[in-house]
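Throughout, read-outs are computed from the coordinates displayed, never taken from laboratory work. Predicted model only: the values in this text are computed from it and were never measured. Cβ placement follows ideal geometry from the backbone for every residue including glycine, while neighbour counts extend to all protein chains displayed.
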Amino acid sequence: MPILKIFWTFFRVGLFTFGGGYAMVPLIQEEAVDRAGWLTTAEFLDGIAISQLTPGPFAILATFVGFKAAGFLGALVATLGIFTPSLLVGWAILRLQVFFRGVSAMDRVWAAMRAAVVGLLLGAVIRLGLSSIPSLPFGAIALGAFMAARRGVSPILIVLIAALIGLMFS
């Protein structure tokens, strides 16, 4: 049943993603675009852009993918799937926090996981970047967006300016 597959897919993504919403990108892309074919790479990139424009957590991307896969019910199930593991794991970690306080080995475990997340993000950026920059002008927009982000410009403002540039050249 597609609805159960959507829930299970996003439950797994939510369960195995550490480091916040951006760390979900490569996993969601692999599951929703490459394996299930629920949407194209271009639609996936649109979902990422929409997730940047909406308030709230970046995991709203799951809602977008679920909607593309199975309409409103798919969106609801994907959203529940992506957030349920965080709720359960967060509760468990809070219960064990006192036990792990001051254990240096745990500090090293978290540091290693953070490094792995950076590697996953870099891989996703390269993979998505290569498929979303079809020409030199788009490469210039990407470079400008990168430079603006490095200077602390709001991601929403960057995306809106890029949309205006795209509108001007359409």
For region 68-85, Karplus couplings with θ = phi - 60° (6.51, -1.76, 1.60), whole Hz, Gly/Pro x: 5, 7, 8, x, 4, 4, x, 4, 5, 5, 4, 5, 4, x, 6, 8, 4, x
Region 56-73 residues near the modelled Ala92 label - backbone nitrogen below 17 Å, point 7 Å along Cα→Cβ: none
Positive-end residue of Pro137, Ile82, Val103, charge dipole of the chain with Cβ unit charges: Val103
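Rg/Rh for region 92-170 to two decimals, with Rh computed the Kirkwood way over all alpha-carbon pairs.
Looking at region 92-170, the ratio lands at 1.22.
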Charge dipole magnitude, Cβ of K and R +1, D and E -1 - region 29-170, Cα centre, debye nearest 20: 460
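Applying 1/(1 + (r/R0)^6) with R0 = 22 Å to the Cβ-Cβ distance of Ala36 and Ser132, what FRET efficiency is obtained, to the nearest 0.05?
Values: r = 20 Å, r/R0 = 0.92.
Efficiency for this residue pair is about 0.60.
Where the only charges are on Cβ atoms (+1 Lys, Arg; -1 Asp, Glu), what is the dipole of region 2-101 about its Cα centre, to the nearest 20 debye? Write out the running numbers ahead of the final one.
Working: 6 positive and 5 negative charges, 83 e Å.
For region 2-101, the charge dipole is close to 400 debye.
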Amide N of region 26-51 lying under 20 Å from the label point, which is placed 7 angstrom from the Cα of Leu164 along Cα→Cβ: 49-50
Length gained when the stretch Asp46-Ile3 is fully extended (0.36 nm per residue, less Cα-Cα span): 13.2 nm
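If contacts are Cα pairs under 8 angstrom and at least 6 residues apart, what is the relative contact order of the chain in percent?
On the way: 143 pairs, mean separation 45.0, N = 170.
Relative contact order here is 26 percent.
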Surface/4 of the Cα convex hull for region 2-101, nm²: 6.5
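Starting from the exponent 0.38 and prefactor 2.2 Å, build the expected Rg for the chain from its residue count and divide its actual Cα Rg by it. Let's see the in-between values first.
Working: Rg = 17.8 Å, N = 170, 2.2 N^0.38 = 15.5 Å.
The chain yields a ratio of 1.15.
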For the chain, with +1 on Lys and Arg beta carbons and -1 on Asp and Glu, the positive-most of Phe67, Pro57, Phe7 along the dipole: Pro57
FRET efficiency, 1/(1 + (r/R0)^6) with R0 35 Å, evaluated for Thr84 and Ala140 via beta carbons: 0.25
Distance from region 139-163 to region 85-129 (C-alpha centre basis), Å: 28
³J(HN,Hα) computed for each position of region 103-117 - Karplus, 6.51 cos²θ - 1.76 cosθ + 1.60, integer Hz, glycine/proline x: 8, 5, 4, 5, 4, 5, 4, 5, 5, 5, 5, 4, 5, 5, 5
Residues Phe7, Phe72, Phe44, Phe138, sorted so that the one with the fewest Cβ neighbours within 10 Å comes first: Phe72, Phe138, Phe7, Phe44
Relative contact order (%) - criterion: Cα under 8 Å, at least six apart; region: region 2-101: 36
